[in-house]
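Here the structure is laid out as structure tokens; the discussion comes afterwards.
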Amino acid sequence: MYLPEQFREDRPEVLRELMAKFPLAGLVTMGTGGLEANHLPLLYDALPAPLGILRGHLSRANRQWQDFRPKVEALAIFQGAQAYISPNWYPTKQQHGRVVPTWNYAVVHAYGTLSVFSEPERLRAFLDRLTAVHESAQSSPWMPADAPPEYIDGLLKAIVGVELTITRIEGKWKVSQNQPSENRLGAAEGLEEMARLIRRQEGR
């Protein structure tokens, strides 16, 4: 990833926060036919140290889990908040006009070695945890145990687990750091005004 120093984000707690808030990742691997990419929610675990591991699952019908090169790095891409930034929001537009549109965004790229697991007990334990995390905001969280056991057992046979042991991780927060303070504040106000317009329209 092209990563100018001013956009680099390497605080572990900040990277983990984005991965938890935006867990749907693009998993990219190298297969016999070239690059393969699929999108799946991934759960982060700080162990094993030093960088941790990401876990998810794929359908057995998805050839990615069968056709990847274990010795070639896999990549999980997490996309956080992002927005178009208009030059009209920059006060310096009125001063000298030397401004252009851009796009602000936050992303995490986690690289590592990919492996597969399919033991029913291990899959079930992972799915219990995955469900608990994403159901935690519900007043009455759904659990796999709420469904008929034979139904869940059948679904377990249709998936495989994947683990990405992280060997390096990069964060890029492109949030107008290359602009003077007045333009950064102008961009923030522009985004807030857009949010206000959306809310006002919703209330009509």
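Read the figures in this text as sums done on the coordinates, not as results from a lab. The model shown is predicted, which means the values in this text are computed figures rather than measured ones. Cβ atoms come from the backbone with ideal geometry, glycine included; neighbour counts cover every protein chain shown.
Note down the net charge around Gly34, summing +1 for each Lys or Arg and -1 for each Asp or Glu among other residues with Cβ under 13 Å from its Cβ. Show your work: numbers first, answer last.
Details: positive: Arg63, Arg69; negative: Glu36, Asp67.
That works out to 0.
Taking the Cα centre as origin and putting +1 on Lys and Arg beta-carbons and -1 on Asp and Glu beta-carbons, what dipole magnitude results for the chain, to the nearest 20 debye? Walk me through the numbers on the way to the answer.
Working: 23 positive and 23 negative charges, 121 e Å.
Using only the charged Cβ atoms, the result is roughly 580 debye.
Cross-link reach is defined here as a Cα-Cα straight distance under 23 Å, omitting same-chain residues fewer than 8 places apart; for Lys21 the lysines meeting it are Lys172, Lys174.
Positive-end ranking of Ala137, Ala83, Phe126 along the dipole of the chain, with charges on Cβ about the Cα centre, is headed by Ala83. The string of couplings for segment 194-202 from the Karplus curve (6.51, -1.76, 1.60, θ = phi - 60°) is 4, 4, 5, 5, 5, 5, 5, 5, 5 Hz, one whole number per residue in order, with x for Gly and Pro. Note that segment 125-133 has calculated 3J(HN,Hα) couplings of 4, 5, 5, 4, 5, 4, 5, 4, 5 Hz, one per residue in order, obtained from phi through the Karplus relation 6.51 cos²θ - 1.76 cosθ + 1.60 (θ = phi - 60°); glycine and proline are x.
In summary, segment 83-194 shows an alpha-carbon radius of gyration equal to 1.76 times the 2.2 N^0.38 Å reference for compact globular proteins.
Once the Cα-Cα distance is subtracted from the 0.36 nm per residue extended length, the Ala132 to Ile77 segment shows a gain of 17.5 nm. On full extension, the segment bounded by Thr102 and Leu155 gains 14.6 nm, given 0.36 nm per residue less the C-alpha separation.
Between segment 1-52 and segment 131-159, the C-alpha centres lie 25 angstrom from each other.
For the chain, the Kirkwood hydrodynamic radius comes to 19.7 Å, computed from all pairs of different C-alpha atoms. The fraction of Cα-Cα pairs per 10 angstrom bin, counted from 0 for segment 46-96, comes to 15, 28, 21, 12, 17, 7 percent, rounded to whole percents.
Here the 3J(HN,Hα) profile of segment 175-181, calculated from phi with Karplus coefficients 6.51, -1.76 and 1.60 at θ = phi - 60°, is 10, 6, 5, 8, 9, x, 3 Hz, Gly and Pro shown as x. Straightening the chain between Arg63 and Met143 buys 26.0 nm, computed as 0.36 nm per residue apart minus the Cα-Cα spacing.
Here the contact order of the chain, divided by its residue count and restricted to Cα pairs under 8 Å and six or more residues apart, works out to 27 percent.
Amide H contacts of Gly52 (H built 1.01 Å from N, in plane; Pro and chain starts excluded): Ile166 sit under 5 Å, all sequence-distant by 5 or more or on other chains. A cut-off of 5 Å between modelled amide H atoms, ignoring neighbours fewer than 5 places along the same chain, links Ile159 with Arg60.
Database remark: amide H of Gly31 closer than 5 angstrom to the amide H of Glu36 (H placed geometrically; neighbours at sequence offset of 5 or more, or on other chains; Pro and chain starts carry no H).
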